[in-house]
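Student: Starting off with a structure, shown below.
The values are calculated or read from the model by the stated rules, or taken from the named source; none is laboratory data. Keep in mind that what you see is a predicted model, and the values were worked out from it rather than measured. Ideal geometry is used to build each Cβ from the backbone, glycine not excepted, and the neighbour counts take in all protein chains shown.
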Amino acid sequence: MLVLGAGLAGTLLALELAEGGAQVELAGGPMVSGASGCSYGGVPWWAGADDAFGRLLAAAPARWSALQDRYGDLGLSSSQLWLHWSAADDPAAVAAARSALATLPQRPAQHAFSAAELWRAEPLLAGTDLAGAVQLPYLQVDPARLQQGVEQALARLGVERSAAVDAAALPQRLEQVDAAVVCAGAFSGSMLQQLGLTPPGQLRFSWAGVLQLERPELSSPIIAMPLLGARRQRELTAGGPPLVLDPGLAPGPAGGLLVGQTSWFDQGLEHPPEPQAEEQRLMAVARQLLPHVAVAAMGRISLHQRAVAYSTDQLPLLGPLQDCSAIHMFTGFSGAFAQVPVLAPLLAGAMLRGEWSELSDLGVLCR
Ligand SMILES: Cc1cc2nc3c(=O)[nH]c(=O)nc-3n(C[C@H](O)[C@H](O)[C@H](O)COP(=O)(O)OP(=O)(O)OC[C@H]3O[C@@H](n4cnc5c(N)ncnc54)[C@H](O)[C@@H]3O)c2cc1C
């Protein structure tokens with residue numbers, strides 16, 4: 001089996017296929033070259049609907065723990081998510097978002113903070129223009145530790161590692177394998193087009209920008225994201241602004257902080273947004289969220305720009321393609337760090353047994 005793309009999806013799927021007895025080649029990487037490598041790595045296990053798929057997502061924390069028990073450190077740590085809002089936000093929209101949280105089917109414990117309580121609980125954010133926040137239980141996966149742990153596990157299981165497959169060589173490579181799984185994130189659609197195949201209609205991508213502040217002393221265990229997150233809303237609408245900005249903060253890979261994120265919906269795969277303006281935009285977010293941290297105290301500042309796949313109905317795209325059943329998809333996630341660990345074993349099992357009813361019942365087979 002050939003797995004194309006070694007981000008979160010490709011690596012966890014390759015592990016499951018190898019555990020199931022398949023001979024596996026995993027092409028691509030390192031993880032830092034894709035979206036997974038500069039992700040906040042938060043596990044929104046409580047974000048699903050009141051259905052079988054939502055209940056499967058709620059098992060993501062247990063699944064990550066089981067993976068760590070089996071393979072050693074994969075970067076998992078317990079965290080908290082703060083969904084914050086500011087005085088400038090529309091009070092009716094804030095109230096609606098808070099009542100949606102209060103009725104989440106998985107009933108995660110929640111705690112509302114005032115601005116003063118937030119500043120006391122996380123002094124790094126002291127003085128930030130926040131009107132309040134709701135705290136939810138969260139897990140975080142550090143992408144740098146995940147990469148290290150998962151590569152060791154893949155090597156122990158005998159998974160062959162190879163470089164990214166060149167588009168021109170792809171048709172010939174596919175002739176040499178029983179099945180291939182496209183786990184190439186934002187590049188999945190163009191990969192299928194190069195093979196003369198039609199990508200699923202729901203598959204899209206946006207360009208994300210995030211700043212990494214590489215000063216370990218700036219560490220914080222929390223992940224802060226806007227309650228009225230613009231990206232998810234924009235992904236659900238056919239039109240809308242080309243750029244949305246979500247002022248978020250998360251622990252950075254191997255220390256420091258990540259600050260972001262911009263999402264661009266009008267750029268081609270070959271054309272990331274202009275980096276200088278992007279860095280300035282994100283520096284404004286850093287100054288807004290960390291008003292007492294001088295720029296000189298932020299350490300080395302690097303801009304990461306990554307194309308990220310999503311699907312227009314917020315459900316992942318996985319399983320065999322309708323016009324070529326030897327090629328499978330595993331991409332288009334919304335909350336990948338909750339979805340991938342619970343879906344990878346089901347996809348691997350279905351591929352190895354040729355039995356798709358479980359995934360079909362979840363409503364996530366390639367639509
Ligand atoms: C700033 C930011 C914050 C985020 N925060 C969260 C969060 O808190 N929680 C969450 O769940 N999600 C989050 N996400 C989204 C999440 O990171 C992605 O959905 C997820 O990482 C996608 O994983 P993937 O393996 O599908 O894709 P990727 O990680 O993009 O991996 C695809 C890989 O395929 C490779 N590739 C491309 N072409 C080829 C080829 N021809 N051959 C071989 N390989 C190829 C690419 O180089 C890449 O390495 C965030 C994203 C960003 C950008």
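Student: Quick check on the range 26-66: of everything there that is in contact with a Phe, Trp or Tyr (Cβ under 8 Å, 6 or more places away or on another chain) and in a helix (DSSP H, G or I), which residue is farthest from the ligand (Cβ to nearest atom)?
Tutor: Pro61
Student: Among the residues of the range 1-25, write down those that are β-branched (Val, Ile, Thr) and within 7 Å of the ligand (Cβ to nearest atom).
Tutor: Result: no residue meets the conditions.
Student: Can I ask one more? What residue, of Pro221, Pro226, Pro275, is surrounded by fewer than 17 Cβ atoms within 10 Å (Cβ to Cβ), modelled with pLDDT of 95 or more and out of contact with any helix residue (DSSP H, G or I) (no Cβ under 8 Å at 6 or more places or on another chain)?
Tutor: Just one listed residue meets the conditions, Pro275.
Student: Does Pro200 fit the bill of being closer than 28 Å to Leu13 by Cα, modelled with pLDDT under 95 and either more than 12 Å from the ligand (Cβ to nearest atom) or surrounded by fewer than 20 Cβ atoms within 10 Å (Cβ to Cβ) (or both)?
Tutor: Yes, satisfied.
Student: Take the range 166-185 and flag every residue that is among the aliphatic types (A, V, I, L, M) and crowded, with 23+ Cβ neighbours inside 10 Å.
Tutor: Those that are among the aliphatic types (A, V, I, L, M) and crowded, with 23+ Cβ neighbours inside 10 Å: Ala180, Val181, Val182, Ala184.
Student: Quick one: is Ala163 surrounded by fewer than 21 Cβ atoms within 10 Å (Cβ to Cβ), within 15 Å of the ligand (Cβ to nearest atom) and at pLDDT 95 or above?
Tutor: yes
Student: Check whether at least one residue in the range 147-167 is within 20 Å of Pro316 (Cβ to Cβ), in contact (Cβ under 8 Å) with a residue 60 or more places away in the chain, in contact with a Ser or Thr (Cβ under 7 Å, 6 or more places away or on another chain) and outside any loop (DSSP other than H, G, I, E, B), and report yes or no.
Tutor: Among the residues of the range 147-167, at least one is within 20 Å of Pro316 (Cβ to Cβ), in contact (Cβ under 8 Å) with a residue 60 or more places away in the chain, in contact with a Ser or Thr (Cβ under 7 Å, 6 or more places away or on another chain) and outside any loop (DSSP other than H, G, I, E, B), which makes the answer yes.
Student: Could I ask something else about it? Identify, by number, the condition in (1) out of contact with any Phe, Trp or Tyr (no Cβ under 7 Å at 6 or more places or on another chain); (2) within 11 Å of the ligand (Cβ to nearest atom); (3) at pLDDT 95 or above; (4) of a type outside the set (A, V, I, L, M) that Asp73 doesn't meet.
Tutor: For Asp73, the failing item is (2).
Student: OK, next. Among (1) without any contact (Cβ under 8 Å) to a residue 60 or more places away in the chain; (2) under 30 Å from Ser325 (Cβ atoms); (3) of a type outside the set (Gly, Ala, Ser), where does Pro105 come up short?
Tutor: So the condition that Pro105 fails would be (2).
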